[in-house]
Amino acid sequence: MNATATSVWNNCLKFIQDNIQPQAFKTWFEPIKPVKLSDNVLSIEVPSKFFYEWLEEHYVKLLKVALTKELGESAKLLYNIKLENTYGNKEGSVEKIPSTSKGTMAPQEMDVPIKSKNPELRNPFVIPGIRNIKIESQLNAGYNFENFLEGDSNRLARSAGLAVANKPGGTSFNPLLIFGGVGLGKTHLAHAIGVEIKDKYPERTVLYISAEKFTQQYIESVKKNTRNDFIHFYQLIDVLIIDDVQFFSSKTGTQDVFFHIFNHLHQNGKQVILTSDKAPVDMQDIEQRLLSRFKWGLSAELQSPDYETRFSILKNRLYRDGVEMPDEIVEHVAKNIKTNIRELEGAIISLIAQSTLNKQEVTLELAQQTVDKFVKNTKREVSIDYIQKVVSDYFEMDVATLQSKTRKRHIVQARQLAMFFAKKFTKASLASIGSQIGKRDHATVLHACKTVDNLAETDKQFRKYIEDLTKKLS
Ligand code: ADP
Ligand code: MG
């Protein structure tokens, strides 16, 4: 007797039909086409990735039983996913999600030999594997529209964001580029759009990623020879949010790959949302063809918030934290911290901490002190990581080399300089500096600082290093 893909699948269907609700059967099994049978592997074609995920989530156990009955213990199932081009298809199939299918099957462990071999679904976020195909949005639900307060400084960007969230890919704001200085709400707004889309269109694949992480993944993919997988993965996304695209500057490989992904998504009516700390015209070392794409949609600026907005952001924050504070104090903070919202929040959090943890009354005096500290201290904040990065960049080596055990002179010197600056610019202890810079002990750090001091006096070239690096770090 010769089994074919069709005959095997038809037998499976009979069994499945007997075990689930007719509506669920109609929705999830009728659209499947058996395509191939070789050895004990049955390939089936499903209409979308979402469909595949749904089957894996809800019917994997049933499929396994059905298939094992037909093909024996070593049976395997392969999914071929028909790639969707338009939203029309996708929404059509998704609307039929049967709520009844839940509960008919207890959730099962996934030790079954059912496997997707579709290479297009390798997900750079997780180790490839059966469960991991679901794309996590990486969204932060705490950054939503509700707590993104409106003001003159953000009105355009905020409403463009809302428009995009209502009709992802369906407005002329594609891409939507949100730009503005540090701490003005780019990341918050970018998440808010994603969160809102997920809420309105749960079936769409939304992905938030920083440009930095995207770049790292890309570099990894080149190393591992999986560049195509990387591209395909991103091409499957419905709403792609990339934060801080200025990070792409000078990174031609990443720009190139992003250009292709962008074109694909755009052509297929998918939404792209970007943030940047500069307007497109001011972006440096970004290829022209990419810049021109950035301008296709809408560039909306987040400006520094005016006093009223600052005041209401503070009030809102206090309200959400359930803390009461006299208006006089809120006004003081709002008046004096003008640069950006992150600092504004930093100051108020510090005040909240002092009032709740120390059970201390927040006086205007305390508020003044806190604000003073903020206005002064937020100018520069160097971390040991940052110091190591700056020093290694300066000597054109990577941080791993700087930290390595090698005794090569120029590397030792770079390491000693990093230790010296860590001592100078941070409050970290010698022991802590040592452990962060290549796991050395405190004596080594102390020795490094002395050596640098000595060399600074005797060696002109070395003095120049110190001067250059001091400038870079201040
Ligand atoms: P950026 O990405 O532009 O550097 P963020 O999005 O990280 O800035 O915002 C800094 C902080 O300010 C975050 O905690 C964010 O929640 C808050 N914030 C920014 N804009 C608003 C706003 N309009 N309303 C309320 N909070 C805001
Ligand atoms: Mg940000």
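Just so you know, all these numbers are worked out from the coordinates, no wet-lab data involved. If you're wondering where the values come from, they're calculated on a predicted model, not measured in any experiment. Here the Cβ is made from the backbone with ideal geometry for all residues, glycine too, and neighbour counts use every protein chain on show.
For the pair ARG409 and ARG342, label points projected 7 Å from Cα toward Cβ lie 4.1 nm apart. In the chain, a dipole from Cβ-located charges (positive for Lys and Arg, negative for Asp and Glu) runs towards its positive end, and of VAL391, ASN174, TRP9 it is VAL391 whose Cα lies farthest in that direction. Backbone phi angles across the range 333-347, fed through the Karplus curve with coefficients 6.51, -1.76 and 1.60 (θ = phi - 60°), yield HN-Hα couplings of 5, 4, 6, 9, 9, 10, 4, 7, 6, 4, 5, 4, 5, x, 5 Hz in residue order; Gly and Pro are listed as x. Kindly list the residues of the range 404-431 that lie in the label zone of ASP453, defined by a backbone N under 20 Å from the point 7 Å along the Cα-to-C-beta vector. Within reach of a label on ASP453: 413-431. Count the net charge of all other residues whose Cβ sits under 14 Å from the Cβ of ALA443, scoring Lys and Arg as +1 and Asp and Glu as -1. Neighbour charge sum, excluding ALA443 itself: +3. Taking label points 7 Å from Cα along the Cα-to-Cβ direction, THR401 and GLN284 give a separation of 2.4 nm.
Output needed: percent of Cα pairs per 20 Å distance bin for the chain, bins running from 0 to the one holding the longest distance. Whole-percent P(r) values from 0 Å outward: 19, 40, 32, 9, 0. Among the trypsin sites (Lys or Arg not before Pro) within the range 271-375, those in coil by DSSP and having at most 11 neighbouring Cβ atoms inside 10 Å are LYS359.
In the chain, a dipole from Cβ-located charges (positive for Lys and Arg, negative for Asp and Glu) runs towards its positive end, and of GLY434, GLY185, PHE230 it is GLY434 whose Cα lies farthest in that direction.
Here the chain is treated with +1 on each Lys and Arg Cβ and -1 on each Asp and Glu Cβ, and its dipole about the Cα centre works out to around 1420 debye. Sequence-distant contacts, meaning Cα pairs under 8 Å at least 6 residues apart, place the relative contact order of the chain at 11 percent. Annotation: amide H of SER299 within the under-5 Å range of LEU177, sequence separation 5 or more or interchain, hydrogens built in the peptide plane. The ranking of TYR394, TYR319, TYR201 by Cβ neighbour count inside 10 Å, starting from the fewest, reads TYR319, TYR394, TYR201.
A cut-off of 5 Å between modelled amide H atoms, ignoring neighbours fewer than 5 places along the same chain, links GLU45 with LYS33, VAL35, ASN80. Note on ASN225 and ASP306: their simple-model spin labels are 6.1 nm apart, each label 7 Å out from Cα toward Cβ. Computed from the Cβ-Cβ distance with R0 of 22 Å, the FRET efficiency linking VAL375 to ILE349 stands at 0.90.
Within the straight-line cut-off of under 13 Å between alpha carbons, the aspartates and glutamates reachable from LYS424 are GLU381, ASP453, sequence neighbours fewer than 8 places apart in one chain being disregarded. Taking 0.36 nm per residue of separation and subtracting the Cα-Cα distance, full extension of the segment from LYS335 to LEU162 would add 59.4 nm.
Phi-derived couplings, Karplus 6.51 cos²θ - 1.76 cosθ + 1.60 at θ = phi - 60°, listed residue by residue for the range 408-419: 4, 4, 5, 6, 4, 5, 4, 5, 5, 5, 4, 5 Hz, with x used for Gly and Pro. Enumerate the residues in the range 1-45 having an amide nitrogen under 16 Å from the point lying 7 Å beyond the Cα of GLU73 toward its Cβ. Label zone hits: 40.
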